Amino acid sequence: MTASNTQGQAASPRRNTSRLLTCLPGKLTTMYGSEDILLFDLSLTGAKIGLNEKRKVEETLRIGLDAVLTWEGHETFGQLMWTAKDSVGIQFEESIGTKALMATRAQHDAMVANGGLETYSEHLSQDAAKGWVNGGLRI
């Protein structure tokens, strides 16, 4: 049995790398603009990205579209491999490396330990505001 994507094309064979389940905020940028996302899972070679139900980007994200994924101080380039109403899958052009994967795991663990996504986002906003006040960070 062969899996297929949303356009009925045969999908590539099952991924070779395991995935880290997470729920970290990030940003997806395409030629149509940028939007806030949630990083649902991450591997060395790709990710599942949750889309906001109130999306800013009106154009339909489609298979093959180039995109930049940014999260928690990391950034990588890739191509959308599948799309759904509330999520997309991206395959990275190059491996993100184990350091980025382990750092993401540590960030996820810190988020959970500090009370979840909303508390974590508030904490990041407070840190950014403090940095801006001290002249060390541009918002």
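The table that follows gives values for the structure above.
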item	result
Region 66-80 - residue that is modelled with pLDDT of 95 or more and surrounded by fewer than 18 Cβ atoms within 10 Å (Cβ to Cβ) and, of those, farthest from Leu44 (Cα to Cα)	Asp66
Region 89-109: number of residues that are surrounded by 12 or more Cβ atoms within 10 Å (Cβ to Cβ) and assigned to a helix (DSSP H, G or I)	7
Looking only at region 45-65, and only at residues there that are in contact (Cβ under 8 Å) with a residue 40 or more places away in the chain and surrounded by 19 or more Cβ atoms within 10 Å (Cβ to Cβ), the one that is farthest from Ala113 (Cα to Cα)	Gly46
Answer residue from region 37-65, given it is part of a strand (DSSP E or B) and either modelled with pLDDT under 90 or in contact with an Asp or Glu (Cβ under 6 Å, 6 or more places away or on another chain) (or both) and is nearest to Val88 (Cα to Cα) among those	Lys48
Of residues in region 81-127 being under 17 Å from Arg19 (Cα atoms) and hydroxyl-bearing (Ser, Thr, Tyr), the one modelled with the highest pLDDT	Ser95
Selected residue (criterion: surrounded by the most Cβ atoms within 10 Å (Cβ to Cβ)) from residues of region 24-37 that are closer than 22 Å to Thr104 by Cα and free of Cβ contacts under 8 Å to residues at least 60 places away in the same chain	Ile37
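The values are calculated or read from the model by the stated rules, or taken from the named source; none is laboratory data. As the structure is a prediction and not an experimental result, all values here were calculated from the model. Neighbour counts run over all protein chains shown; Cβ positions are idealised from the backbone, glycine included.
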